[in-house]
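Student: Have a look at the structure that comes next, please.
Laboratory data are not the source of any read-out in this text; all were calculated from the coordinates shown. Remember, predicted model here, so these are calculated numbers, not experimental data. Backbone-built Cβ (ideal geometry, glycine too); neighbour counts: all protein chains shown.
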Amino acid sequence: MQEILPFLPQLAVGWTAYLIATASPGPAILAIIATSVGQGGKAGLALAFGVLTGSYFWAMLTASGLSALVRAYGHAIIVLKIAGGLYLLWLAWNAMRSAMRDGAAYNARQVLATLSLRKQYLKGLGIHLTNPKAIFSWIMLTSLGMPAGAPSWTMAVFIGGCMMIGLVTFIGFALVFSLAPVHRAYLRSRRVIEGAMAAFFAFAGFKLLTARI
C-alpha cells in the first residue's frame, strides 16, 4: 500500500479528469438516462455495463501501447470514425421518430420495442466501441494521470480506479433516472427531451464525421 502513496497526487488528478469526463453529458450518458427512464433500471444498468465494457476495452488498448497502434493502423481509425458517426446519426433518427409520436403511440411502441438486457448491453458497447475519440481520451487521461517513471503496475491501479469511478457514475445515473417520480416527469416532457437528444446525437454524429482525427 505504501508503494502507491508517492504516486497518488498525480493519479488523483487523472481520476478527477475521468470523473468529469464520465459524468458530463454525452452520447453514453444520454443513452443511459433515456433507457433508464423509458424502460427501467435493469435496462439502464445493462446499457451502462455495455458502455463500461467498451471503456475498459479502450483502456486496455491504451495500456498495451495504443499510440503505436494508432500510428500503424491510421486507416482503421478513419473507418471507425465513419462507423461511429453513422451510428450516432442512427440514434438521432430513432430519438426524433420517438419524439414525434404522441402519448398513445409512444406507449404502444415501447411495448413492442423493448430490448432484451443482452441487446441493451450490446447497444451500450456499440456506443463506446464506435467512438474513436474514446481512444484519444484514454491517451490523454493516462498522460495526465500516470506519474513519470512510475512502475508498470501503476497503470493497472490507475485504470482500476477509473473503472470503479465509471461503474459508480453509470450505475448512479441508471438508478436515479429509473425512479418513479423521475419517470413521470420524463413522460410529461418526453417530446422536448427526446427532440433535444435527437439534436445532440445528430450534432455529435456530424462533428465526428467531419472531425480531423
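Student: List residues of region 1-44, by number, whose backbone nitrogen lies under 20 Å from a label position 7 Å along Cα→C-beta of residue 164.
Tutor: Within reach of a label on residue 164: 1-23.
Student: For residue 63 and residue 180 in the same chain, what is the full-extension length gain: residue separation times 0.36 nm, less their Cα-Cα distance, in nm? If you can, show how the numbers build up before the last one.
Tutor: On the way: separation 117, 0.36 × 117 = 42.12 nm, distance 4.08 nm.
Fully extending the segment from residue 63 to residue 180 adds 38.0 nm.
Student: Can you tell me the FRET efficiency between residue 94 and residue 12 if r is taken as the Cβ-Cβ distance and R0 is 45 Å, rounded to the nearest 0.05? Walk me through the intermediate numbers first.
Tutor: Numbers: r = 39 Å, r/R0 = 0.86.
For R0 = 45 Å, the calculated efficiency reads 0.70.
Student: To continue, here is another question. Exposure proxy check: 18, 186 ranked by fewest other beta carbons within 10 Å? Provide the component values of the computation, followed by the final result.
Tutor: On the way: 18 25, 186 17.
In order of increasing Cβ crowding within 10 Å: 186, 18.
Student: Hey, another quick one. So, by mean Cβ neighbours within 10 angstrom, what's the order for 155-164, 36-45 with the highest one leading? Please list the in-between numbers first.
Tutor: Numbers: 155-164: 17.5, 36-45: 21.2.
In decreasing order of mean packing, 155-164, 36-45 become 36-45, 155-164.
Student: Using a simple spin-label model with points 7 Å from Cα along the Cα→Cβ vector, what separation in nm is obtained for residue 19 and residue 53?
Tutor: 2.8
Student: How much length is gained on full extension from residue 82 to residue 188, taking 0.36 nm per residue of separation minus their Cα-Cα distance? Before the final figure, lay out the partial values.
Tutor: On the way: separation 106, 0.36 × 106 = 38.16 nm, distance 3.54 nm.
Roughly 34.6 nm would be gained on extension.
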